[in-house]
1. Which parts of region 80-104 would a label at residue 127 reach, counting a residue when its backbone N lies under 20 Å from a point 7 Å out along Cα-to-Cβ?
2. Would you work out which of 74, 51, 22 lies farthest towards the positive end of the dipole of region 11-94? Charges go on Cβ: Lys and Arg +1, Asp and Glu -1.
3. Residue by residue through region 87-93, which ³J(HN,Hα) values in whole Hz follow from phi under the Karplus form 6.51 cos²θ - 1.76 cosθ + 1.60 (θ = phi - 60°), with glycine and proline marked x?
4. Of the DSSP beta bridges with both residues in region 11-94, give the percent that are antiparallel, rounding to the nearest 5.
5. What pairs from 94/133; 18/136; 31/133; 31/136 go past 23 Å between their alpha carbons?
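Laboratory data are not the source of any read-out in this text; all were calculated from the coordinates shown. Everything quoted here is computed from the prediction, not taken from an experiment. Methodologically, a virtual Cβ is constructed for each residue, glycine included, from the backbone with ideal geometry; neighbour enumeration extends over all protein chains shown.
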Amino acid sequence: MKKFKSPVYNVIAVPMNKIEANDYNPNHVAKREMDLLYQSIKCDGYTMPIVAYYDNERDKYIIVDGFHRYSIMLLHQDIYKREEGMLPVSVIEKDISDRMASTIRHNRARGKHDVELQASLVAMLKDGWDEMKIIKELGMTLEEVQRLVGIKGIASEIKGIPYSIEKQIIEVGEDTSLDID
């Protein structure tokens, strides 16, 4: 049999007690949509696996995408019983920054996202990534990144220029090689 590279070809059944939520997901789902998700899972079963990272030290699967599908099983005993306490999981092997980026990509692809929590994630990513990497990995524009950085009130260092000055330079189109103290 051909071995595929995408994790979805290796979905595994994982007991609920080995799965836990991440502490950085900025996605929220309204009650109406959660009710619809429950109805979908009740009628169709789990049609998409939870995406998770396996933490070998703790023997836990940390959710990257699929928190609300996981929550349905936690909240609804009928689903838990039917699935025998197991969730389908697709495992990815990525460091924490790349897992955060994956969470944002999954959420944005669905179209609803909490801006303030996304700003917090971008702020965390800025500790190890520059704006260009954030732009590339999260599918954002420079303006979106700068706006999110501004929401969190952090000073962005683009080319060594503080965020507020860089923003003014970009807006008026001046040369970014200014001598700034």
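1. 94-104
2. Projecting each Cα onto the dipole axis, the largest value belongs to 74.
3. 10, x, 10, 10, 9, 10, 10
4. 65 percent
5. The answer is 18/136; 31/133; 31/136.
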